[in-house]
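The values are calculated or read from the model by the stated rules, or taken from the named source; none is laboratory data. Keep in mind that what you see is a predicted model, and the values were worked out from it rather than measured. Reconstructed Cβ throughout: ideal geometry from the backbone, glycine too, with neighbour counts over all protein chains shown.
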Amino acid sequence: MYAEMEIGLVAAIEDSPLRAKLAAVETLPELDGDNLVQKFAAQAPAVFVVAGVHASVQDGSITVPFGLACVARNARGHEDARRGDGKTLGMYQIVSSVLGLVENGRAGGYVWRVTGVDLMLDDKLAKAGLTCAVVHVSTTAALPDGLDEALLDDFLTLRADYDIKPMVATSEHDKWIKDDPDYSSSKPELQDLQPVQT
């Protein structure tokens, strides 16, 4: 459900005339503040899609929020970054276009509504010459009816840490881990076999 929503929102912008005016349309990367500002600066003008923090559930339905971060930059100054200069899109133009695309629009098999717009007033963004606004959108979907096993990937990798007191000396362990294990004087009680993926 979430994956289809995220992919659908990205595709809705990718497939629109707005895309030709943007440098990037992506999901929001997991970066800290400074690195995120650097990414925004390198890719503006852009729209970044990110899932919201809190989804609400009521009467068998879930309302899922997403944010569409609209980022612009202009070397001529903050006003051109907001308004555009006739050559490069401004943040206001990106926001207006996204509003028109998403309100009552279909993406990922869901119908979306705009729930708000927040201007991001941040010193780091301003110092990088960036203007940014987040268009908040949401959609409502029926809760899944039980577990759909088709959505689960095959189990391929086990990540485990063992922290037990050795039952035998290290010299015995060293014999077990050779390419041709030596179990002549001792043998491990548990073994782990991991097949090589081809």
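Exactly one condition in (1) at pLDDT below 80; (2) farther than 30 Å from residue 44 by Cβ; (3) of a type in the set (A, V, I, L, M, F, W, C) is false for residue 142; which is it?
Every condition holds for residue 142 apart from (1).
Filter segment 108-123 for residues that are touching a helix residue (DSSP H, G or I) at 6+ places or on another chain (Cβ under 9 Å) and over 13 Å from residue 135 (Cβ atoms); which is surrounded by the most Cβ atoms within 10 Å (Cβ to Cβ)?
108
I'm checking my understanding of the structure. Among residues of segment 74-107 that are polar (S, T, N, Q) and touching an Asp or Glu at 6+ places or on another chain (Cβ under 9 Å), which one is modelled with the lowest pLDDT?
Out of the qualifying residues, it is 74.
Which number in (1) modelled with pLDDT of 70 or more; (2) in contact with a helix residue (DSSP H, G or I) (Cβ under 8 Å, 6 or more places away or on another chain) marks the one condition that residue 150 misses?
Status for residue 150: all satisfied but (2).
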